[in-house]
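The values are calculated or read from the model by the stated rules, or taken from the named source; none is laboratory data. None of the values given here were measured: they were computed from a predicted structure. Positions of Cβ are generated from backbone atoms using ideal geometry, with glycine treated the same way; all protein chains shown enter the neighbour counts. Quick note on the areas: whole protein, heavy atoms, side chains included, nothing else; ligands and nucleic acids left out. Shrake-Rupley method; radii C 1.70, N 1.55, O 1.52, S 1.80 Å.
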Amino acid sequence: MVEISSSELTLEEKAALTSGADFWTTKSIERVGLPSIMVSDGPHGLRKQAGASDHLGLSGSVPATCFPPAVALASSWDPELVARVGAAIAVEAAIEDVAVVLGPGVNIKRSPLCGRNFEYYSEDPLLAGVLGAAWVRGAQSHGVGTSLKHFAANNQETDRMRCSSDVDMRPLRELYLRAFERVVKQAHPWTVMCSYNKINGVYASENRWLLTQVLRDEWGFDGLVVSDWGAVNDRVKGLAAGMDLEMPGSGGRTDTQLVDAVRAGRLDEAALDKAAQRVINLVAKAQERPHVAGPLDVDAHHRLARSVAAHSIVLLKNDGALLPLARSARVAVIGEFAKKPRYQGAGSSLINPTRLNNALDEIRALSRGEVLYAPGYSLDGSGDSEELLTGAAAAATRADVAIVFLGLPPEDESEGYDRTSIDLPAGQLAVLEAVRAANQNTVVVLSNGGVVALPFRDDVAAIVEGWLLGQAGGGAIADVLYGVVNPSGKLAETIPLRLKDNPTYGNFPGELGHVRYGEGVLVGYRWYDARGLEVAYPFGHGLSYTAFEYSDISAELSGDEICVHVTVSNTGKRAGREVVQAYVGLAKSRVTRAPRELKAFAGVVLQPGETRRVELTIPRCDLAYWDVRADRWVVEGGAYRIDVGASSRDIRGGAWVDVKGDAVVLPLNHNSSVGDVLDHPIAGPLVREQVSQFLAGSHMDSAGASMMANEEAARKMIGDFPIGRIVSFPGMPVTIERVDELIAYANAQLDSAQQVTQATQ
Ligand code: BGC
């Protein structure tokens, strides 16, 4: 166990310690016995580079299990499963002596075009946060650290190292920071990785508000902040803001800048002490990890990867119960992806898999009937031909069922750039068209890291969303097609009808160094619901080979929690897992809100005929919105609607819960409005009394008097009027001195604990 204080180090040593020795390791300081540790990507497997290093997945890495990337994993809506993946990756890291795995990524999928959506969980912060926390818990329970990334508002790849994400405080707090907040508070990641981009004009890597005020002071983070690889713009500014470790190292160049800044009095040495101590603490934690002897049980992890992948698949459509397939069915497997799977995305998360299976072989292994195969198209479209197309149609004609594998070519989505459309390649759609014409029993299996448009969704019998499923994805697809596994995945993001319907359309990826988050809090399903737009498949949707009935839904506030209960029955003939979802809405709100927001979910496994009472808990504080006037979370009072369902648009019932709101009493000043005064617990009653006294002896004309006598009418007309200016209007029976007296008296009656300070932003 390392017990070293940064005060034992020289200025030069402290500066050196707060940047990497190279691409993947921290520096050792032999004089005090401090060893170096290694970090590696992340997040859906271990990318330990033993030789040449890079952050784009170009050079090789040691073989490791490639688990399903976050896009698939999130569709499991299963924190326990996600924790098992985190734990398995940690075991692999421990065997390889890697101290910290660089993940998970909990950035919100703001636009379906983001090239890195495959590495992120969801368009919803609750789902992303719960799953991210599970991953961190799983990994860290094995003594391996994690790096929660990319903090924050890094929701695109275009110009990612410079672009400013211009986002208002409500969406920033309620959506873009919320998943990070949950993971930090609930799972305590050892490190947080700051992102490349700017937030409202300030680089994340030198953003004191983000890295110190919010992350440490508000959320209580006590770990280390590491830069994304190359995210440091100004090391001195960054360190002062709370960015502890620069990665990769700069070969000493920026260490010297720190030393010079301290000597010149431009940087407080105490800030450097803190950062160096955090590196020491990280190394110390890593040293505590129990030794894990190899070799890796490759087969066991491959089996886990297969099971996780199968539970991540989303059955979008299954008309006439075409699936699962009978083992004896004669099937035509069509599409190059069935043979050459697309199972992970490109960039820094690229894993060198220990095994790789493909759907065609695995279908052949499970089938007892004839399995025909036709490639149909070429992976990059360059070899598409009439011959391939007619070959596919011919195979489909001869089969009971045609299974068409469609997907995005690898070069369509990657870290480093964004997509420009959500369309599948035209050549692939033409093949599907020909197959469909030849055989009505057509099943589409999709391989994609970001959502794709599904213009054929009404014309095929079944659609299986396979996302990117990792090295055992081929087997997992076969398991689902043949019912070895009953699918239970649900969409963690909306599949829109058209790109144009997406809330970021026109505001993505921005221009001239800025991207404006103009849709505010209405991201993903929040937007489609608010606008009443039709979608291809809604957030939370996913079918099963069995059916679930919901009944007896109730919700009640008990202490600081809303307890929701629902009875769920498996009315079909197979065992299955259902994910029960609870959404909350507040129709009459002082702020813009989505009609419903996910606030809780729970998975329940039911045998055929089995019934269970499911409980979901919604902490009262999760109802809060970010009040920009008070600069804090506020629970608004009112009648909240709790909707319970199988997806965001398959609501099976609900209940109302009355919630008492938090008082927001802002100190009064000249710019407080008439409405603010009337709402003020001290000033309001005083003013009402004064008004009625005045009206009793007034000679005011009848229109003015009747308006003053009717508070509702008065609020409508002059509710927004600043009280400091009202005195200048002719006939107003109040002087500025009386206004000042009222302000002073009202503010003095409430102590500071009862009043919230006015936000400065
Ligand atoms: C990515 C990070 C990754 C790092 C190291 C960066 O390009 O944004 O997610 O952890 O490289 O490879």
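What pairs can you find where one residue is in segment 679-694 and within 19 Å of residue 669 (Cβ to Cβ), the other is of a type in the set (Gly, Ala, Ser), and their Cβ atoms are less than 6 Å apart, with a gap of 6+ or different chains?
Here the result reads 680/746; 682/746; 683/746, each pair linking segment 679-694 to a residue that is of a type in the set (Gly, Ala, Ser).
So if I check each of 537, 545, 528, which one is more than 28 Å from the chain's Cα centre (by Cα) and among the aromatic types (Phe, Trp, Tyr)?
545
Residues in segment 621-635: is at least one touching a Gly at 6+ places or on another chain (Cβ under 8 Å), modelled with pLDDT of 95 or more and surrounded by 16 or more Cβ atoms within 10 Å (Cβ to Cβ)?
Start the filter on segment 621-635 by keeping residues that are touching a Gly at 6+ places or on another chain (Cβ under 8 Å), which leaves 634-635.
Imposing the further condition that a residue be modelled with pLDDT of 95 or more reduces the set to 634-635.
Among the residues that remain, those that are also surrounded by 16 or more Cβ atoms within 10 Å (Cβ to Cβ) are: 634-635.
Yes, because at least one residue in segment 621-635 is touching a Gly at 6+ places or on another chain (Cβ under 8 Å), modelled with pLDDT of 95 or more and surrounded by 16 or more Cβ atoms within 10 Å (Cβ to Cβ).
Could you list, in sequence order, the residues of segment 27-51 that are under 30 Å from residue 305 (Cβ atoms) and in a loop (DSSP other than H, G, I, E, B)?
37, 42, 43, 44, 45, 46, 48, 49, 50, 51
Given the condition open to solvent by 20 Å² or more (accessible area, probe 1.4 Å) and β-branched (Val, Ile, Thr), answer yes or no: does some residue in segment 390-406 qualify?
There is at least one residue in segment 390-406 that is open to solvent by 20 Å² or more (accessible area, probe 1.4 Å) and β-branched (Val, Ile, Thr).
In segment 215-240, what count of residues is obtained for those that are under 25 Å from the mean Cα position of the chain (by Cα) and either crowded, with 20+ Cβ neighbours inside 10 Å or away from the ligand (no atom under 14 Å from the Cβ) (or both)?
Qualifying residue count for the region: 17.
Within segment 331-368, how many residues turn out to be away from the ligand (no atom under 16 Å from the Cβ) and either more than 15 Å from residue 309 (Cα to Cα) or buried (at least 22 other Cβ atoms within 10 Å of the Cβ) (or both)?
Here the count works out to 25.
Applying the selection to segment 459-493, what residues are assigned to a loop (DSSP other than H, G, I, E, B), of a type in the set (Val, Ile, Thr) and over 14 Å from residue 365 (Cα atoms)?
The initial filter retains those residues of segment 459-493 that are assigned to a loop (DSSP other than H, G, I, E, B), namely 459-461, 466-472, 482-493.
Adding the requirement that they be of a type in the set (Val, Ile, Thr) leaves 460, 484-485.
460, 485 - these are the residues of segment 459-493 that are assigned to a loop (DSSP other than H, G, I, E, B), of a type in the set (Val, Ile, Thr) and over 14 Å from residue 365 (Cα atoms).
Of these, 531, 596, 526, which one is out of contact with any strand residue (DSSP E or B) (no Cβ under 6 Å at 6 or more places or on another chain), buried (at least 21 other Cβ atoms within 10 Å of the Cβ) and within 24 Å of residue 493 (Cβ to Cβ)?
Values: 531 fails: buried (at least 21 other Cβ atoms within 10 Å of the Cβ); 596 fails: out of contact with any strand residue (DSSP E or B) (no Cβ under 6 Å at 6 or more places or on another chain).
From the options 531, 596, 526, the qualifying one is 526.
Hey, can you tell me all the residues within segment 728-761 that are of a type in the set (S, T, N, Q), at pLDDT below 65 and open to solvent by less than 80 Å² (accessible area, probe 1.4 Å)?
Matches in segment 728-761: 755 only.
What about residue 618, is it modelled with pLDDT of 95 or more and open to solvent by less than 10 Å² (accessible area, probe 1.4 Å)?
So residue 618 passes the test.
When residue 40 is evaluated against the numbered criteria (1) among the polar types (S, T, N, Q); (2) open to solvent by less than 20 Å² (accessible area, probe 1.4 Å); (3) farther than 20 Å from residue 150 by Cβ, which criterion, by number, is the only one it fails?
(3)
Can you name every residue in segment 413-433 that is surrounded by fewer than 22 Cβ atoms within 10 Å (Cβ to Cβ) and assigned to a helix (DSSP H, G or I)?
Once the filter is applied, which keeps residues that are surrounded by fewer than 22 Cβ atoms within 10 Å (Cβ to Cβ) and assigned to a helix (DSSP H, G or I), segment 413-433 yields 426, 427, 429, 430, 433.
Considering only segment 78-108, state which residues are closer than 25 Å to residue 579 by Cα, open to solvent by less than 10 Å² (accessible area, probe 1.4 Å) and assigned to a loop (DSSP other than H, G, I, E, B).
104, 106, 107, 108
Only residues that are outside any helix (DSSP H, G or I), away from the ligand (no atom under 14 Å from the Cβ) and small (Gly, Ala, Ser): list them for segment 133-152, please.
141, 143
I'm trying to understand the selection: among the residues of segment 109-131, which are away from the ligand (no atom under 14 Å from the Cβ) and either more than 26 Å from residue 510 (Cβ to Cβ) or part of a helix (DSSP H, G or I) (or both)?
Residues satisfying the conditions are 125, 126, 127, 128, 129, 130, 131.
I'd like to know if segment 50-59 contains one or more residues that are open to solvent by less than 10 Å² (accessible area, probe 1.4 Å) and away from the ligand (no atom under 11 Å from the Cβ).
Checking segment 50-59: not a single residue is open to solvent by less than 10 Å² (accessible area, probe 1.4 Å) and away from the ligand (no atom under 11 Å from the Cβ).
Which condition from (1) touching a strand residue (DSSP E or B) at 6+ places or on another chain (Cβ under 8 Å); (2) open to solvent by less than 20 Å² (accessible area, probe 1.4 Å); (3) among the polar types (S, T, N, Q); (4) closer than 27 Å to residue 164 by Cα is the one that residue 507 breaks?
(2)
Using beta carbons and a limit of 8 Å, which pairs, at least six apart or on different chains, have the first residue in segment 139-151 and open to solvent by 10 Å² or more (accessible area, probe 1.4 Å) and the second one within 15 Å of the ligand (Cβ to nearest atom) and at pLDDT 95 or above?
Listed pairs, sorted by first residue: 140/146; 140/189; 140/190.
Tell me whether segment 174-191 contains one or more residues that are more than 24 Å from residue 602 (Cβ to Cβ) and away from the ligand (no atom under 15 Å from the Cβ). Give the derivation first.
To start, the set of residues in segment 174-191 that are more than 24 Å from residue 602 (Cβ to Cβ) comprises 176-177, 189-191.
Those still in the list that are away from the ligand (no atom under 15 Å from the Cβ) too: 176-177.
For segment 174-191, residues more than 24 Å from residue 602 (Cβ to Cβ) and away from the ligand (no atom under 15 Å from the Cβ): present.
When residue 520 is evaluated against the numbered criteria (1) surrounded by fewer than 19 Cβ atoms within 10 Å (Cβ to Cβ); (2) touching a strand residue (DSSP E or B) at 6+ places or on another chain (Cβ under 8 Å); (3) in a loop (DSSP other than H, G, I, E, B); (4) of a type in the set (Gly, Ala, Ser), which criterion, by number, is the only one it fails?
(2)
Please specify each residue of segment 531-569 satisfying the condition of being part of a strand (DSSP E or B) and in contact with a helix residue (DSSP H, G or I) (Cβ under 8 Å, 6 or more places away or on another chain).
535, 557, 561, 562
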